[in-house]
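Each remark here refers to the structure printed beneath this line.
Taken together, the values in this text are just the output of simple stated rules run on the coordinates, not laboratory data. Computed from a predicted model, the values in this text were never measured in an experiment. Cβ sites come from the backbone with ideal geometry, for glycine too, and all protein chains shown count toward neighbours.
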Amino acid sequence: MSPRLFAIVASGEARRLMSYPVDFWLTSVVGFVVDFILAWFLWAAIFAASGQATLGGFDRQGMVMYYVLAILVGKLVRGADHETQLAEEVYQGSLTRYLVFPTSYFAFKYAQRVGQAAPGLLQALLFGSASLLLLDVSSLGQPSLFSVLAALVAIALGNLLAFTLAYLLESFAFWADNVWSLEVLMRFVTFFLGGQMVPLELFPAWARGVIAWLPFRFFFHFPAMTFAGRVGPGEWLGSTLLCLGWLAVLGAAGHLAWRRGFLRYTGVGI
């Protein structure tokens, strides 16, 4: 796909998501405020019950700041969370129309995913700035120019990794009547082991050692902690190489599943 066509598809998807601006911003603002209030009082209760000033290296403000960062990073990494597109197109038979497009199916879909993440960038800038009025970012870490640039790279790779994993799972739609339950299970695992629910520092040491080698932390924890300046250059480079390795493995598995599954595709839907 040419860069010009990629930009056209991405911008078209972003405009579609924001075609009803009042509904978009009302839903976004209310959702973020609810998440923020929930995190504030939940962690206040947890810290009060524990009787400790810090948990896993986070104080109360740092914990809430991490949660806010994880939410905002998730909006950029996961986009609009439209994981079921391939499965629906297989079930409906509408996948056929993409065969005549002047580009590959996955290039077109990834351009759409980038467009879905664009509104998340606006939300991250707006809600992130608002959070700084209520929270002290130094309670979580000390961001720097390197940490911000490294976090942007981590977010871009996380977005591509989430796309690759989603379409590997959805390729099973060529064989299974419904992959929805598999997607729900993977979403829960991603949120839990990726650090969206709680920071990975709260896990036991042996669990953190295992999770460090899995791809899920690249969706939330790694970009958030990188932005906060809590990931050094050496650790960032090693984790980035691991993320690239997972991209290669999942991409190869997805390509194989697509080629095998497409042989079963009839174009008439289910």
With a Förster distance of 22 angstrom and the Cβ-Cβ distance between residue 34 and residue 187, calculated FRET efficiency to the nearest 0.05 equals 0.70
Residues 65, 18, sorted so that the one with the fewest Cβ neighbours within 10 Å comes first
18, 65
Go through 200, 2, 254 and say which Cα lies farthest out towards the positive end of the charge dipole of the chain; charges sit on Cβ, +1 for Lys and Arg, -1 for Asp and Glu.
2
Neighbour counts of other C-beta atoms within 10 Å: give me 23, 35, 59, 177 arranged from fewest to most.
177, 23, 35, 59
So if each residue of separation counts as 0.36 nm, and I subtract the Cα-Cα distance between residue 126 and residue 26, what length gain in nm does that give?
34.7 nm
Return 160, 99, 69 ranked ascending by Cβ neighbour count within 10 Å, so the fewest neighbours appear first.
99, 160, 69
In nm, to one decimal, how far is the residue 180 label point from the residue 263 one, both placed 7 Å along Cα→Cβ?
3.1
Longest principal axis of the chain (C-alpha) makes with the long axis of helix 180-193 (C-alpha) an angle, in degrees to the nearest 10, of 30
Debye intensity ratio I(q)/I(0), log10, the chain, q values 0.17 Å⁻¹ (C-alpha model)
-1.43
Within the under-15-Å Cβ sphere about residue 51, not counting residue 51, Lys/Arg +1 and Asp/Glu -1 give a net charge of 0
